[in-house]
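Structure first, then comments.
The values are calculated or read from the model by the stated rules, or taken from the named source; none is laboratory data. Remember, predicted model here, so these are calculated numbers, not experimental data.
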Amino acid sequence: MSINLSRLSDEDVLRMLKESGKTNCVRELYIRYLGLIYGVCLNYLKDADDAENAVKQIFNHLLLKLKDYEITIFRPWIYNFTKNYCLQIQGVENYSATPDYEERNAEFNKITDLFESNDAEQTALLANCLKELSPQQRVSINYFFKDKLSFAEIADKAGYTLKHVKSYIQSAKQNLIICLEKNSK
């Protein structure tokens, strides 16, 4: 018995995808959301070829990973996923070193070293400082430093906006540095 996917809600199509793993479910979502995704990509990337390439990359990613995501309502999720993907592309292309790069790099390395440390005292210090962070900061910084996820991947996995992820990580880094300096004396 063949089911007409075009008559199902997005959520039913996603449920079928999780249950069956059939790519025709992703193809149905592609048909439904191609215009929206292309429009978002064009709006952010400002170039038709770049937007087309981004759409292809997004759907390649969805084809491979969509069944792993927990999505309640697909339309806002795919919009945010697309926007975050485009912002990530822009971030890479528009990267420029800032004057305080060396200072920020030293802080980054200090935190990275703590996350990778096997020293019991350092690990305990980090664990205590992580407890002082807000839940959003803690989740974001753990994904970033422990799991080595990009901002966009963190946004997708945690359900935050890209802007919030950047803010949470920046605030968490500052709070960790303060806490580490306060407790290591």
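A few remarks follow.
- The range 147-161, residues that are on the phi > 0 side of the Ramachandran plot and charged (D, E, K, R): K148
- Among residues of the range 124-166 being polar (S, T, N, Q) and modelled with pLDDT of 85 or more, the one that is nearest to Y69 (Cα to Cα) is T161.
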